[in-house]
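Reviewing the structure listed below.
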Amino acid sequence: MLKKITAVLISVLLIVSIMPVSIFAAEVTSGTTGDCTWTLDGTVLTISGNGKMDYHETPWGKNITEVIIKEGVTSIGGRAFYRCTGLTSITIPDSATSIGSSAFYRCTGLTSITIPDSATSIGSSAFYR
């Protein structure tokens, strides 16, 4: 009997070990960043709120292709989109006055960006390719 239980247990463990991790982990599709919130719909990231977007990591992952920052967001944190190579376009609203250092560092796919005149502070290497 113990041999049958052991064989079944080993079989189950082998099957589970070949399954993709994504089956077990829920994909995070929203959260907060400083005074703002973010939502991810496929590969499109939307950031909204009133105040600073303050992120030095990318909880939304590196596979985003478009970023929509809504009016009310006043700053983009340093390294916010660091090495998001699939990112192709972004529009920064008039409410934004600062873009942090390395915010778009190595975003090599970026082909369209709109920076408002209100952006009076742009950190070093913000758009380094």
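Where a number appears in this text, it was derived from the coordinates with a stated rule and is not lab data. None of these values were measured; they are calculated from a predicted model. Note that we place each Cβ from the backbone using ideal geometry, even for glycine, and neighbour counts take in every protein chain shown.
Computed from backbone phi with θ = phi - 60° and the Karplus coefficients 6.51, -1.76 and 1.60, the 3J(HN,Hα) list for the stretch 73-83 is 6, 9, 8, 10, x, x, 6, 4, 10, 3, 6 Hz; x is used for glycine and proline.
Annotation: amide H-H contacts under 5 Å for residue 74 (H modelled 1.01 Å from N, sequence separation of 5 or more, or interchain): 51, 52, 53. From the largest down, the stretch 49-129 spans 26, 22, 21 angstrom on the principal axes of its Cα atoms. Taken along the Cα-to-beta-carbon direction at a fixed 7 Å, the label points for residue 118 and residue 46 span 1.9 nm.
Near residue 114, once Lys and Arg are set to +1 and Asp and Glu to -1 for all other residues with Cβ below 15 Å from its Cβ, the sum equals -3.
Peptides 29-37, 69-77 ranked from most to least packed by the mean count of surrounding Cβ atoms within 10 Å: 69-77, 29-37. Each Lys or Arg adds one and each Asp or Glu takes one away; over the other residues whose Cβ falls under 13 Å from the Cβ of residue 70, this sums to -3.
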